[in-house]
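Accompanying notes for the structure given below.
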Amino acid sequence: MKIPFRALFATAIGAALLASALAAGTPAPAATPRSATYQTYTAPNGVSGKYHIYAKSIDFSKPVGVLFVFHGDYSRPAQSYIHQPSGSVMTKMAAEAAQKNMITVPVITPDTKGGITWWEDRNRNGDYFRSLAAMLISKYKLDARRIWFHGYSGGAEFITFEVLADRQGWIKGGGATIVGGGGYVGMQTEPPAAVKRMKLHWIAGSRDGKGGTTLKTWSALGTAQRAQKVYQGLGFASTKMTVLPGITHYTYDMPALLANDLKAMPAAVAAPQARAGDVAAVAPDGRLYIYPSARGRDLYKRTYVSAGWGTALTVEIADWNLDGLQDLVANWKDGRLTVDYGQKRGGFKRSTLGSRGWQNNAIIVTRWKAADRHPGIVVRNRDGKLYSYANRTGGKPDPRQRFSSSNWKGKALMALDFDQDGKMDLIARTSAGQLKLYRSNGTGRLIRESRKVVAKSGWNNMTHLSAAEGHLAPGAPGFLARDKKGNLHFYPVSSKKVQQRITVGVGGWDSLKIGS
């Protein structure tokens, strides 16, 4: 609600960079948000305020978004629906957000003197809010791609004056319902592309013009119409202005307006996870996908993980830290070795295991020694020799140990317990196109013996070979092979033999970089 003490700003006010609130770091395990009212938060700038949380009917196995609600101006708390947390306006808005798997966080302005507003001291209040948002996103592992703002009157002004106009990089996607206001006074920070793609909807009643509030010279309708055009001109790609016939500044149906806008928010999709026996593959555009094991049927289903894997040399699925969740181990062209640890709620969190030199290695993630608890790494170095890296802690691997000085250059290698004696073996493709067995003694050495040919000629027609334990059944050995036509086959191994193959992918696999 607009009241007489409202002051108008003509130019943008610059602000210092927010210190520490959005600083990068290793977050603590995700907490589960619980519904609560009048929670206190004090920002690093010393400003303290309160907020509510609505977390009913949220599925925490999927990405959780957030709806931030900003109230209009008032002189007494009873004048604002935000101070009626069990009232119909707030509970209905929270229910609408929950349908999109978003918690609702109505934020009460830290302003406590005179007329209570968000916009009058917007730089201070903006620093407070950004710090609060960063805390909530980090604490509850909220999906920053699924953020929605709802602002009414002075709260709408705060969204367009400050939230969308200054230090917006923490917002990765979503939109805003901007009701009964939402003007423009300048863009303090160049908005990133994700912010410019947000769906921004200005809404004003036809009777919410000059004289529609206690400030007789201010028009919510005119303010919204001008700001929408300015934002559109600044490159915001999805802006909209709606005029509601016959509606005044005090007769907006907030839950209904929010519900209509949230139709644009995609449904929450479960965060990606990998399971033993799944197949990781990088597409030509650098996007990583996980193909869940279909237990011998066609691998037509896939789960998108993330972009940016184009320079990965190998991506292997393994439970690197033995927490029961499968991780992604990769070496990169720039020399890094990384592990993306699987998270309980889905998704992955990256850690760097090595910073250089790994581009020189063809890697296989496996338990090379029978006594190994964690999977380690077997590598063929560019010198053609074989080395093993033990992984005793689920973190950075130990220094390498050479276990073969022979020349393995040009040989495709797979690690699997071929004879199922509890000791890991190697299968190597020879220049003649045969598959030969190199058994180990279980302590990290290859047994000196005649090498058995386990599959005769023709394997040079395969453009990819990799072990895939558990692809058909938990713990069952076997390997994947891709032919020159782009078909993917699985070869089970049992009774010390390579069994008849099963085609698990028909065409299209030739363009993918298969990691496991």
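Key figures for this structure:
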{"read-out": "Residue match in the stretch 248-271 (condition: among the charged types (D, E, K, R) and within 30 Å of Trp509 (Cα to Cα))", "value": "no"}
{"read-out": "Residue list for the stretch 309-322, restricted to those being assigned to a loop (DSSP other than H, G, I, E, B) and either of a type in the set (A, V, I, L, M, F, W, C) or closer than 19 Å to Arg356 by Cβ (or both)", "value": "Trp309, Thr311, Trp320, Leu322"}
{"read-out": "Tyr304 being open to solvent by 20 Å² or more (accessible area, probe 1.4 Å) and of a type in the set (Phe, Trp, Tyr)", "value": "yes"}
{"read-out": "Single condition Lys100 does not satisfy, out of (1) surrounded by fewer than 24 Cβ atoms within 10 Å (Cβ to Cβ); (2) within 26 Å of Lys62 (Cα to Cα); (3) out of contact with any helix residue (DSSP H, G or I) (no Cβ under 6 Å at 6 or more places or on another chain); (4) not acidic (Asp, Glu)", "value": "(3)"}
{"read-out": "From Gly277, Gly286, Gly235, Gly246, residue being touching a His at 6+ places or on another chain (Cβ under 6 Å) and not aliphatic (A, V, I, L, M)", "value": "Gly277"}
{"read-out": "Residue that is surrounded by the fewest Cβ atoms within 10 Å (Cβ to Cβ) [pool: residues in the stretch 111-160 that are in contact (Cβ under 8 Å) with a residue 60 or more places away in the chain, among the hydroxyl-bearing types (Ser, Thr, Tyr) and in a loop (DSSP other than H, G, I, E, B)]", "value": "Thr117"}
{"read-out": "Failed condition for Thr11, given (1) of a type outside the set (Lys, Arg); (2) at pLDDT 95 or above; (3) open to solvent by 70 Å² or more (accessible area, probe 1.4 Å)", "value": "(2)"}
{"read-out": "Residue that is charged (D, E, K, R), modelled with pLDDT of 95 or more and closer than 15 Å to Phe236 by Cα, where the choices are Asp166, Asp127", "value": "Asp166"}
{"read-out": "Residue in the stretch 442-459 that is modelled with the highest pLDDT, counting only those that are within 24 Å of Tyr491 (Cα to Cα) and among the hydroxyl-bearing types (Ser, Thr, Tyr)", "value": "Ser450"}
{"read-out": "In the stretch 213-228, the residues that are within 23 Å of Gln168 (Cα to Cα) and open to solvent by 10 Å² or more (accessible area, probe 1.4 Å)", "value": "Thr223, Gln225, Arg226, Gln228"}
{"read-out": "Residues located in the stretch 362-396, provided they are open to solvent by less than 20 Å² (accessible area, probe 1.4 Å), more than 21 Å from Thr352 (Cβ to Cβ) and part of a loop (DSSP other than H, G, I, E, B)", "value": "Trp368, Gly384"}
{"read-out": "Unmet requirement for Tyr231, which otherwise passes all of (1) closer than 28 Å to Gly87 by Cβ; (2) within 37 Å of the chain's Cα centre (by Cα); (3) open to solvent by less than 10 Å² (accessible area, probe 1.4 Å); (4) not acidic (Asp, Glu)", "value": "(1)"}
{"read-out": "Flag for Gln401 being more than 41 Å from the chain's Cα centre (by Cα) and surrounded by fewer than 19 Cβ atoms within 10 Å (Cβ to Cβ)", "value": "no"}
{"read-out": "Failed item, numbered, when Ala256 is tested on (1) modelled with pLDDT under 95; (2) in a helix (DSSP H, G or I)", "value": "(1)"}
{"read-out": "Extreme residue, nearest to Ser306 (Cα to Cα), among residues of the stretch 343-358 that are modelled with pLDDT under 95 and open to solvent by less than 20 Å² (accessible area, probe 1.4 Å)", "value": "Gly347"}
{"read-out": "Number of positions in the stretch 32-68 that are closer than 20 Å to Ala95 by Cβ, among the small types (Gly, Ala, Ser) and not in a loop (DSSP other than H, G, I, E, B)", "value": "2"}
{"read-out": "Residue within the stretch 171-182 that is surrounded by fewer than 20 Cβ atoms within 10 Å (Cβ to Cβ), closer than 30 Å to Arg345 by Cβ, in contact (Cβ under 8 Å) with a residue 40 or more places away in the chain and within 26 Å of the chain's Cα centre (by Cα) present", "value": "no"}
{"read-out": "Condition broken by Asp143, with the remaining ones in (1) over 26 Å from Tyr250 (Cα atoms); (2) touching a Phe, Trp or Tyr at 6+ places or on another chain (Cβ under 6 Å) satisfied", "value": "(2)"}
{"read-out": "Conditions (1) within 21 Å of Gly72 (Cβ to Cβ); (2) open to solvent by less than 50 Å² (accessible area, probe 1.4 Å); (3) touching a residue at least 60 places away in the same chain (Cβ under 8 Å): number failed by Gly186", "value": "(1)"}
{"read-out": "Residue within the stretch 200-212 that is buried (at least 17 other Cβ atoms within 10 Å of the Cβ) and at pLDDT below 95 present", "value": "yes"}
{"read-out": "Per-region count, the stretch 277-308, residues under 14 Å from Trp509 (Cβ atoms) and not in a loop (DSSP other than H, G, I, E, B)", "value": "6"}
{"read-out": "Positions within the stretch 397-413 being of a type outside the set (A, V, I, L, M, F, W, C) and in a loop (DSSP other than H, G, I, E, B), in sequence order", "value": "Pro397, Asp398, Pro399, Arg400, Ser405, Ser406, Asn407, Lys409, Gly410, Lys411"}
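The rows are residues; the columns are (1) among the aliphatic types (A, V, I, L, M); (2) on the phi > 0 side of the Ramachandran plot; (3) in a helix (DSSP H, G or I).
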| residue | (1), (2), (3) |
| --- | --- |
| Val185 | yes, no, no |
| Gln188 | no, no, no |
| Val195 | yes, no, yes |
| His201 | no, no, no |
| Thr214 | no, no, no |
| His249 | no, no, no |
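Every residue, every condition in (1) under 17 Å from Asp261 (Cβ atoms); (2) open to solvent by 40 Å² or more (accessible area, probe 1.4 Å), yes or no:
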{"residue": "Gly46", "(1), (2)": "no, yes"}
{"residue": "Tyr51", "(1), (2)": "no, no"}
{"residue": "Ile82", "(1), (2)": "no, no"}
{"residue": "Thr91", "(1), (2)": "no, yes"}
{"residue": "Ala94", "(1), (2)": "yes, no"}
{"residue": "Thr109", "(1), (2)": "no, no"}
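The values are calculated or read from the model by the stated rules, or taken from the named source; none is laboratory data. Small disclaimer: the values here were computed from a predicted structure and weren't measured. Cβ sites come from the backbone with ideal geometry, for glycine too, and all protein chains shown count toward neighbours. These accessible areas exclude ligands, DNA and RNA; they are computed on the full protein's heavy atoms, side chains included. Shrake-Rupley method; radii C 1.70, N 1.55, O 1.52, S 1.80 Å.
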